[in-house]
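Report on one structure; see the data block that follows.
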Amino acid sequence: MVESQHSINTILSFGAKSVKPEILEQLLVGRSPAANYLFKSVEGIVKNGNNQQILVIGQRGMGKTHLLRVLYHRCQSYIKNDQLVVAYFAEEEYGVANYFDFLIRILYALIRWEDIDKNTLESKLEELQDTNIPGQVSFAERIIEDYIADKPLLILAENFGDILNAIGTQEQGKLRAWMYQDKRINIIATSQSISDDFDKEDRPFYGFFNLYYLKSLTYKDSLLFLTSLAELDDRPDVVEHLKNKGKAQVKAIYELVKGNHRLLVTFYEFLKSDTLAKLSNHFIKTINDLKPYYETYIRYLPPQQQKIIRYIALSRKPQQGTIISKNCFIDQKSLSKQLSELVRKRLIEAITDQTDKRNKLYDINEPLLRISIEVGEHKEGITALFIDFLAIYYDENELTDKKLKFSDLLEKCESSIEKKEFQYEIQAIEKALSLKRYETLENTFISSEILNILFEVVKQKKYKEAFSILEREKHNIDKLNYSNILFRLYMLNEQYLEAKNLFLKFSDEFVEKKRLFALGALSFSQLVKTENSESFYLKGIEIFEKAEKNGEGSEYLYLAWGNFLAQFATIFRKDEDLFFESFSKFEKAIEYNSMNENIYIELAQWQFGLSIRQKDSKFSIKAFENFEAASDINPKNIRLFKLWGGALGFSSDYNIKDDSNRLKNFKGKFKLLSFKDRVSIWKIFSNVPYLYLLNNTYSILKIDIKHSFDELQHVLVDWINAILSSQLDTLNKADLTFLRKIAIEFKDKIPELAISEIYIDTYEDYKLNGNKNAIYELPKEQRLFFESKILKQPEL
Amino acid sequence: MQTPFPLLPTIGTIPENQITGREQDIVKLLRLLRSQSVSVEEMRRMGKSLLLLKLAYLCNSNLQPEEFKQDNFKAKYFSFQGKQNLGEVINLLINELKDFKEWHQIDFSKTYNFIKDIFSVPEVEIGGAKFSLNLPEYKKSWKDIFFKTLEDIADTQAKTNGKLILIFDELPIMLWEWYKEGKHEEAIELLDILRERRQVLEKKGIRFIYCGSIGIKVVLNTFRKDFKYTGEPTNEMEEFSLKPFSENESDFLCECFILSGFNVAADEKQLCLKKVYGLSNGLPFYISTIFNLLQTEFDYNITMNNIEAAYELIINDTKQHKAFKQLIDRLEIYYPKDKKDEMMQILNILSKEDHFIEEELLYTKIDIDNNDSLKQSLYTLLSDHYLIRQVIEGKRYYKFKYQIFKEWWKVNIA
C-alpha cells in the first residue's frame, strides 16, 4: 500500500480513503452488517471459488467510500497470501471513456496498491503503449489475465454508475463479454443510484449485480456514531455530554442531516464546540466546512439545473413550475424535463400544491443544501441563515434559556467588543424565537384550516367525505393529530371496533395528553354486544378508571361506565357489589347533569333487572321512581315508555310488590303522549306477553283503536296470541274471561279475533279443564298453529 | 450424484465448474447438435449464457455425459456483445481460438496469406495482438475474411472426426446494435455468410449455437421490413427454448447457497426449499434473488416467513423490479408503439386471469377491433416467451408463461 494513512482528523475532513483502517473499523456504526456481508462475499470468492458482482447503492456521504476502504483492508491477508488480486479504483476515476480505459484503470489500480509487482506492471504498461491501436484492447486484457493467473480478480470501484455511463452501452457490452469469458472477475462497486445502465433491458449490465442499499443511520446509530467520534477524538467531555443533554441536540442534528455520515461528521465539530459562547462563530465555521461538500452537488449540474436550484434555494419556500420557468427564463417544456431530472437526483422534492391539487411545488430537498447555497448570496449576509439555523436547531424553551444566559453574560461583560458580540447573539436568538413562533402559528393555521373543513363536513354527517379529506391531507397534519382525528371519525361513524383497535395502539402518554381516555372507554362500552370476554371488560374498566384519573369525568363517561359495569355484572353473574358500583356511576352522571333523562332511564333499567334477579321489590321501587323522574324531564321519550311499560308488565309476572300509584303514574303520563307515539308503543307491547299491562291499559288502547282502526287492528290479535303463548305462567279463568271479552268486543271489525276467541276457548279446555282432545276440535291449520305457537310443541 | 458445494448467491457470472443444474438441457442440446446447429432464445436473466458456458466446459474437460463420449464434441464460447463490426468479430474468433491450436492445430496460414495478398499488410499477425482489420478501406472484404477464418477452423476440424461447437452468444443483440447505428449492411453480410456457408461448414463438423435474449427473428423481421431482406439464415436450425429449473435442480442450487453460510432449521429445510421453488417458478435468477435478500435483509436466516417476505419484496419493492422491467422494456424497444400498446393490453387482461383464457374470449374483453392483429400480437408474445399456449379442440388458449411475471404485472402494471 502506498497511500499514507492519517488519523481521526482526516475523517473529520472527509478523507475516508486515507484514514487508518482501525479508525474506520471503529466508526463502522450502522454499517457493520454491510461490511460483514461484503467481506463474506470476498471470502466466498477466495475460499469457495465463487464469483460475486455486487453494487452498493447509497447517496453521497452515506459511507460508501468508508465501506470499500474497510473491505479493502479486510482483504489484505488474502492479497498477501496470493489468494486474491484486488484492483482498488480511485474514488473519482475521471476520463474513463471506453472499455479500454477501464482495463487501463485496472492496471493503474494494481500499480498503485501492489508495491511488489509495481515495476513489472509498469514495464507491461510501457509495452502496451507501444502496441498498435487495434491490438491494444486484447493486449491489455492479456496483461491482466497473465497477472492474475489463476487467482480471482476483485475490482473495487466507486461511482460505478458514472463509469458505465461514461463508457456507453456498446463498450459496457465488451466489459460484460470479458467477464463471461474470463471466469474469475469480480466487481464490488458503489453507486449513488440505479441508473438505466443497471435497469434497462437493452443494457449489458441489466439485472447483473446483487444490489445492496445502504440505509440512512437511525437516530440511535447517529448518537452512537458521534459518541465513537468523540471517543476517537479523545474528548471525554463530549462523550459525557452525549450521554445527557447532548442527546436532544443530536436529535435536532439528526433531523437536519437525516442520518448522513458525512454531515454527522461536520456537525460533530459544531456539537463539540457548542458551549455557551458565540454560537454564530461555530455556525459560520460549520457552514464554511459544508460549503465545498454541497458545491460538489451542484458544480457538475447542467447550467439550467444550477439555475433552478439556486432560484428555489434563494426563494426560501416551495415554488410553482410556472414561477420557476419565468424567473429562470427556461421554457416550460425544458423546465419540466430539468425538474424531473433534479427530483430523480434527489436535489429537489415535488410537493402537491394544496390550493390546487393539479399543481406541484418544488423545494430544495435538504435544508442544509439551501443554507449552503444562501451563504454568500444573501444580502443580509450570514445573519439570516444563522437565525434560520437556530430556529431549526433549538426548541423554543432552549432558545429562551440561551437568550437569558447571554443576557447574563452581557451584564457581566466588560469588554466592548465582547458586548457587541453578545448583543448580536441575543438579537439573533430573538429573531429565531419570533420566526419559530410564526412557524408554529402557520402550522396551526394549516392544520386548523383542514380541521375547519373537516368540521363542516362532519357537521353534515358526511363521514365518508371526512375520511377522504383526512386521508388526502395526511401529510399536512402531524402523525399524532392525524390518528387523533381518525379515531374521532371512527367514533362518529360508529366504527367502534376500528376506534377501539386504533385506541389500543396509542401510547398512554398520548392518550393522556389528548384526553382521549373517555372516548376510548366509550368505544369499549359500544362494543359490549359483540365483544364480551372477561378480559375485554377488565381492559374497559381500566380505561374508564384512567379517564376519571385524567380528569375526563363527564355525565357521558359515568353513564357509559355505569352501563359497562352493569353489563359486565349481568353477563358474568357477578355479585351485587358490581351492580352497586354501576349504580354509583349513574349517580355520578346525575351529579354532572340531573336533567339528562337518559341517565335515569338506564339506571332504572339496571335497577329493575337487579330486583328481578333478587326477586325483591327494593330496587324495583327505585327503578319506577327513576322512570317517573325521566318522564318528568322529558314526557315524550318513547324509549322510556317502552321500557317503563315493560317493567310494569314484568313486575306482575315476577310478583314484585304492586303499587297502584305506579300504574296510575304511568297511565297518566302515557295518555299525554301523542297518538302517533302511542301507536308505536302499542306495537311493541303487543309482541310481549304483558297481560297485566294489557289489562291496565286496555281502556286507553280501546279509545286508540276506535280512533284509528287501520293502524291498530293487528295489535289486539298479536297481543292476545302473545299472552296465550307465554310459558311464564298458566292463565287463570279470570284472565281468559278478560281476553275473551276483548275478542268478542272487536271481532266484528277484526275477523281474526274470532279465531283468537276459539284459541282462548281451546286454551281453557286444554289447559284448565285438562281436555287434551280439545285441539282436535280445531281445523288442521289452526290446530298446527295452536300446537306450535301456543302449546309450543315441536312440529312433526 | 453431485455433492452440493458452497456457493454465494449471485446473478452475475459463475465460474464454469460451479454452474449447477441444466444437465438434461445439455443432453438435449448435444443430441440436437449431433446433426444440426441450434438457436437458443429466451428473455434476459434466464441463464442462457451460463448454460452454454457449462456446455463448453463439460465438452472441453471430457466431462460430457457418457452417451456423447464418442462424438468428440469440443466447444468454444464467444460473447459478441459490444462488438462493433465484423473486424472485431473476426478478431475475437481468431484470438479466442488460439487456445484450440493445442487440440487441433488450426492452420490460419491460409487466412493470413489471403489477407496479406489482398491488403499487402506485411505486419499482420494472425492469432496475435497485432491483427489489424479496422481500417475502412478493408471493409469491402470482411465478408470474405470472415468466411475464410471459419473455413480454416472447419478444415482443421474435418480432420479430427469430431464436432466443434461455436457458440455465438448475444449474436442477435449485436446485430440489433449495428442496425441501430445504421450498420445494417454489415449485419446482413454476416447473416449472409451464416446462411450461405453454414451447410458447407457443418459438413466439416462445425456446429453453431446462436444465442440471444432477443430472438434472431426480431432482427430478421426488422430487416425484412426495412431493407427487404429475404435471407433465412436460421433455416434448418433447431430452436431450443430454456426451461426453468426442475425441483431437484432448484433444491441443489439452494443446498449450495445454504452451504455458503445460511441458517436453516433442519426440520424446516425441505419445506423451505419447496417454498423457494414454488415462489421462484424454478427460475434460477429468482432463486438467487430470494437468497440474496435472505442474506441482506434477513440476516442469513432461512425460514418460511422470511422466504415469503423476500418474495413480497421482489413483487412489491420497486428496487427489486429490474428483472421484471424487461417485460415492458422489450415491448418498447423492439416493437412499434401501436403493437406495444396492443400487447400491453393483452398482458393486462391475462395478468388478472388465473387460468388459460381462450383467444375468442380474449377478443371480447379487449379494446382491439382487428382480430388478425390480436392474433398476431398473441403469437409475438408467445414466441417472445411472455405467454404459453394450449390448443384444445382446435381452440387456442393463452396464459402467462411464468406465474411470478403474472403476479408482478398484475400488482404493478395492470
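The values are calculated or read from the model by the stated rules, or taken from the named source; none is laboratory data. None of these values were measured; they are calculated from a predicted model. All Cβ positions, even for glycine, are placed from backbone atoms using ideal geometry, and neighbour counts span all protein chains on display. Note: areas computed on protein heavy atoms with side chains; ligands, DNA, RNA excluded. Shrake-Rupley method; radii C 1.70, N 1.55, O 1.52, S 1.80 Å.
Return the only residue of A:Asn732, A:Asn661, A:Asn687, A:Asn695 being among the polar types (S, T, N, Q) and outside the structural domain of A:Leu768 (by TED's automatic domain parsing). Working first, answer last.
On the way: A:Asn732 fails: outside the structural domain of A:Leu768 (by TED's automatic domain parsing); A:Asn687 fails: outside the structural domain of A:Leu768 (by TED's automatic domain parsing); A:Asn695 fails: outside the structural domain of A:Leu768 (by TED's automatic domain parsing).
Only one candidate passes the filter, namely A:Asn661.
Output yes when any residue across region B:213-225 is modelled with pLDDT of 85 or more and either assigned to a strand (DSSP E or B) or of a type in the set (Gly, Ala, Ser) (or both), and no when none is. No: region B:213-225 contains no residue that is modelled with pLDDT of 85 or more and either assigned to a strand (DSSP E or B) or of a type in the set (Gly, Ala, Ser) (or both).
Going through region A:678-689 one residue at a time, which ones are in contact with a Lys or Arg (Cβ under 7 Å, 6 or more places away or on another chain) and open to solvent by 30 Å² or more (accessible area, probe 1.4 Å)? Steps first, please.
Pass one, region A:678-689, residues in contact with a Lys or Arg (Cβ under 7 Å, 6 or more places away or on another chain): A:681, A:684.
Selection gives A:Ile684 alone.
Among the residues that make up region B:273-287, is at least one of them touching a strand residue (DSSP E or B) at 6+ places or on another chain (Cβ under 6 Å), surrounded by fewer than 17 Cβ atoms within 10 Å (Cβ to Cβ), more than 14 Å from every other protein chain (Cβ to nearest Cβ) and among the charged types (D, E, K, R)?
Looking only at region B:273-287, we keep the residues that are touching a strand residue (DSSP E or B) at 6+ places or on another chain (Cβ under 6 Å), and these are none.
No, region B:273-287 contains no residue that is touching a strand residue (DSSP E or B) at 6+ places or on another chain (Cβ under 6 Å), surrounded by fewer than 17 Cβ atoms within 10 Å (Cβ to Cβ), more than 14 Å from every other protein chain (Cβ to nearest Cβ) and among the charged types (D, E, K, R).
Could we say that B:Lys143 is more than 24 Å from A:Ala140 (Cα to Cα), modelled with pLDDT of 60 or more and under 29 Å from the mean Cα position of the chain (by Cα) here? Against the criterion (more than 24 Å from A:Ala140 (Cα to Cα), modelled with pLDDT of 60 or more and under 29 Å from the mean Cα position of the chain (by Cα)), B:Lys143 qualifies. Residues of region A:147-205 that are facing chain B (nearest Cβ under 8 Å), over 30 Å from A:Asp82 (Cα atoms) and charged (D, E, K, R): A:Glu171, A:Asp199, A:Lys200, A:Glu201, A:Asp202. As a summary of the residue check, A:Tyr213 satisfies the conditions (1) closer than 22 Å to A:Phe39 by Cα; (2) more than 9 Å from chain B (Cβ to nearest Cβ); (3) in contact with a strand residue (DSSP E or B) (Cβ under 8 Å, 6 or more places away or on another chain); (4) of a type in the set (Ser, Thr, Tyr) except for the one numbered (2).
Selection of region A:29-63 for residues being in a helix (DSSP H, G or I), more than 10 Å from every other protein chain (Cβ to nearest Cβ), closer than 22 Å to A:Leu223 by Cβ and in contact (Cβ under 8 Å) with a residue 24 or more places away in the chain yields only A:Ala35. Scanning region B:74-93 for residues that are within 20 Å of the chain's Cα centre (by Cα) and part of a helix (DSSP H, G or I) yields B:Val89, B:Leu92, B:Leu93.
Looking at B:Leu331, B:Leu361, can you tell me which residue is in a helix (DSSP H, G or I) and open to solvent by 70 Å² or more (accessible area, probe 1.4 Å)? First the steps, then the outcome.
Details: B:Leu331 fails: open to solvent by 70 Å² or more (accessible area, probe 1.4 Å).
Answer to the selection: B:Leu361.
Looking only at residues in region B:41-73 that are away from chain A (no Cβ under 14 Å), under 20 Å from the mean Cα position of the chain (by Cα) and open to solvent by less than 20 Å² (accessible area, probe 1.4 Å), which one is farthest from B:Ser280 (Cα to Cα)? Per the stated criteria, the residue is B:Cys59.
Can you find even one residue in region A:625-635 that is under 18 Å from A:Ala566 (Cβ atoms), part of a loop (DSSP other than H, G, I, E, B) and within 46 Å of the chain's Cα centre (by Cα)? No. Based on what the data block shows, is B:Thr234 β-branched (Val, Ile, Thr), in contact (Cβ under 8 Å) with a residue 24 or more places away in the chain, away from every other protein chain (no Cβ under 14 Å) and under 30 Å from B:Gln376 (Cβ atoms)? When the stated conditions are applied, B:Thr234 passes them.
Of everything in region A:314-331 that's modelled with pLDDT under 85 and part of a helix (DSSP H, G or I), which residue is farthest from the chain's Cα centre (by Cα)?
The selected residue is A:Leu314.
Close Cβ contacts (under 8 Å, 6 or more residues apart or on different chains) running from residues in region A:400-422 that are assigned by TED's automatic domain parsing to the domain that holds A:Ile284 and without any contact (Cβ under 8 Å) to a residue 40 or more places away in the chain to residues that are of a type in the set (Phe, Trp, Tyr) and in a helix (DSSP H, G or I) comprise A:Leu410/A:Phe422; A:Cys413/A:Phe422; A:Phe422/A:Phe406.
Of the helices (runs of 4 or more DSSP H) lying entirely inside region A:700-796, those containing at least 3 residues that are without any contact (Cβ under 8 Å) to a residue 24 or more places away in the chain and either touching a strand residue (DSSP E or B) at 6+ places or on another chain (Cβ under 9 Å) or over 30 Å from A:Leu672 (Cβ atoms) (or both) span A:733-746, A:752-763, A:780-785. For region B:1-26, the set of residues classified as away from chain A (no Cβ under 12 Å), crowded, with 18+ Cβ neighbours inside 10 Å and among the charged types (D, E, K, R) consists of B:Arg22, B:Asp25, listed by residue number. Of everything in region A:469-488 that is more than 14 Å from A:Asn452 (Cα to Cα) and of a type in the set (A, V, I, L, M, F, W, C), the residue that is least open to solvent (accessible area, probe 1.4 Å) is A:Phe487. Can A:Lys247 be described as under 24 Å from A:Ser32 (Cβ atoms), within 14 Å of chain B (Cβ to nearest Cβ) and either open to solvent by 60 Å² or more (accessible area, probe 1.4 Å) or in contact with a Cys (Cβ under 9 Å, 6 or more places away or on another chain) (or both)? In short, no. Checked against the criterion of being among the β-branched types (Val, Ile, Thr) and in contact with a strand residue (DSSP E or B) (Cβ under 7 Å, 6 or more places away or on another chain), the candidates A:Ile194, A:Ile133, A:Ile143, A:Ile167 yield just one match: A:Ile194.
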